[in-house]
Amino acid sequence: MSNEEKTKATFRGIPVVQSGQKYQTEVGFTAIKNGVKVRRDTPELKHGSKPKWLRAKMPSGANFSGVRQTVKEHRLSTVCEESMCPNIGECWNNGTATIMVMGSVCTRACRFCAVDTGNPHGWLDPEEPLNTARAVKLMDLKYIVITSVDRDDLPDGGAEHYAACVREIKKMNPETAVEALTPDFNGVMSNVEKVVDSGLEVFAQNVETVKRLTHPVRDPRASYEQTLAVLAHAKKHRPEVLTKTSLMLGLGEQDHEIMQTMQDLREVGVDILTLGQYLRPTPNHLAVERYVTPDEFELYRAEGLEKGFLEVVAGPLVRSSYRADQVLQKNNVGIAV
């Protein structure tokens, strides 16, 4: 089947867009499904089937269905769905979700990420802050993670809209703790401050990988140094706000590089670190170089705690916001690795 035929494929009359193909969004701009175009230079996975510790349960259950319905009714995007998170069933059944604001199409194209890529040309949903706050109330959440796509098409990277979402959540749900997992706002610190000043408890920006692998893993507009600078400024601007970041393993990093990254993060005051296994979302994305064992994750966690992190959440299926509400229990959020 040709690429054109694939793009026009349907299932029960509904258009099906293949991974890596362009499509027209509901609001009229073009995007690429799963963020990365079809590639011919990406090697196949070298390791065969996934090890048993990476097998997540199929999402199901009454609470899962309830959260999914709430998300749909309020026109919300969740990183749980858009990034193909393996923990969606577990988290949604516990009545928690990571809500993705500013749409589900990112202006960047990181080679590890399955979020769609395109240029929204300034589009924003003006009702999103209120809809997000209502959804949090309906789900009766005590802790909510708000994340977003990168919006390089907006003058402030979407910082004011992001902050408005946090403020509305706090206004309607004053007892709910809010974590913001943000873009880097191109390193413009006044925009970082807009979000940090919005009333949240935790500010997060993901470094994603070690310095040597930042490119090609991340989009060229992102950088290791820029993420460190954003995290440093957030902590300096509001010391009482916890700072957090995440590192994917299995992309070819060496142990000494992981240790150096931990040291760099501690030097800019990062409080919380999460470590998880990189899983290739589609054949167009970067290949997995190795599967990190549960025992190795346990050792990395111990090293991180020794370096002074308030908590290091580590495990094969750990993602940035996995069990985020339980982080301060300081027990690896109950994960036995």
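A short reminder: the numbers here are calculations on the coordinates, not readings from a lab. This is a predicted model, so every value here is computed, not measured. Neighbour counts run over all protein chains shown; Cβ positions are idealised from the backbone, glycine included.
Worth a mention:
- Remark: for residue pairs LYS22/LYS194; LYS22/LYS244; LYS22/LYS50; LYS142/LYS244, the C-alpha separation exceeds 26 Å in LYS22/LYS194; LYS22/LYS244; LYS22/LYS50.
- Under 12 Å from the Cα of LYS211 - aspartates and glutamates, other chains or at least 8 residues apart: GLU225, GLU253, GLU257, ASP264
- Multiplying the residue separation of ASP156 and GLN329 by 0.36 nm and subtracting their alpha-carbon distance yields 58.7 nm.
- The modelled label-to-label distance between LEU310 and PHE29, using points 7 Å beyond Cα along the C-beta direction, is 3.5 nm.
- Across the options GLN326, GLY250, THR282, the greatest Cα extent toward the positive end of the charge dipole of the range 200-328 (unit charges at beta carbon of Lys, Arg, Asp, Glu) belongs to THR282.
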